[in-house]
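Let me begin by presenting the structure, written as structure tokens, before commenting on it.
The values are calculated or read from the model by the stated rules, or taken from the named source; none is laboratory data. Please read all numbers here as calculations on a predicted model, not as lab measurements. For neighbour counting, all protein chains shown are included, and Cβ atoms are generated from backbone atoms with ideal geometry for every residue, glycine included.
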Amino acid sequence: RQQLPKIPAKTKPAEAIRYALGRMPNARAYLENGQPEPDNNICERSIGPLTLGRKNYLFMGSEGGGNAAAIAYTLIQTARMNAVDPEGWLTWVPTHIADHKLNRIDDLAPWNWRPE
């Protein structure tokens with residue numbers, strides 16, 4: 001910040017410095033958190049199979065069917081990304097969710113699940 005006044009205002013370096021300074025609060029928050037990945041390659045790879053079948057998904061039967069399929073794909077991919085067997089987890093959750101405390105619902109998430 002101290003050096004910015006020394007650089008002519010309408011030059012590319014000054015623009016670049018102002019751009020970077022304007023994003024520093026978000027960059028700091030990102031660096032302090034440490035959990036998010038610096039890119040979205042994992043997400044990009046996970047949607048590959050879905051994009052291959054995109055034309056087929058136009059014929060899901062209804063908007064509700066499309067929404068249900070999207071939810072199912074999301075749950076399956078979330079389980080896979082957490083190294084959990086999607087079929088095992090999705091079979092187990094419905095048998096335990098009714099008796100589970102609402103304030104402990106996160107316990108049923110795939111990253112907390114362990115096969116019995």
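Observations on the model:
- If the condition is being without any contact (Cβ under 8 Å) to a residue 12 or more places away in the chain, in contact with a helix residue (DSSP H, G or I) (Cβ under 9 Å, 6 or more places away or on another chain) and not basic (K, R), then the range 88-106 contributes I97, H100, D106.
- Boolean, A27 is at pLDDT 75 or above and within 30 Å of N82 (Cβ to Cβ): yes
- Of the residues making up the range 93-102, one or more are surrounded by 14 or more Cβ atoms within 10 Å (Cβ to Cβ) and β-branched (V, I, T).
Residues checked against (1) of a type in the set (D, E, K, R); (2) within 30 Å of A79 (Cβ to Cβ); (3) part of a loop (DSSP other than H, G, I, E, B); (4) at pLDDT below 75:
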{"site": "P5", "(1), (2), (3), (4)": "no, no, no, no"}
{"site": "A9", "(1), (2), (3), (4)": "no, no, yes, no"}
{"site": "E15", "(1), (2), (3), (4)": "yes, no, no, no"}
{"site": "E37", "(1), (2), (3), (4)": "yes, yes, yes, yes"}
{"site": "L50", "(1), (2), (3), (4)": "no, yes, no, yes"}
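- Within the range 65-91, the set of residues being aliphatic (A, V, I, L, M) and either modelled with pLDDT under 90 or more than 19 Å from R45 (Cβ to Cβ) (or both) comprises A68, A69, A70, I71, A72, M81, L90.
- Checking each residue in the range 64-116 for being of a type in the set (G, A, S) and in contact with a Pro (Cβ under 7 Å, 6 or more places away or on another chain) picks out A79, G88.
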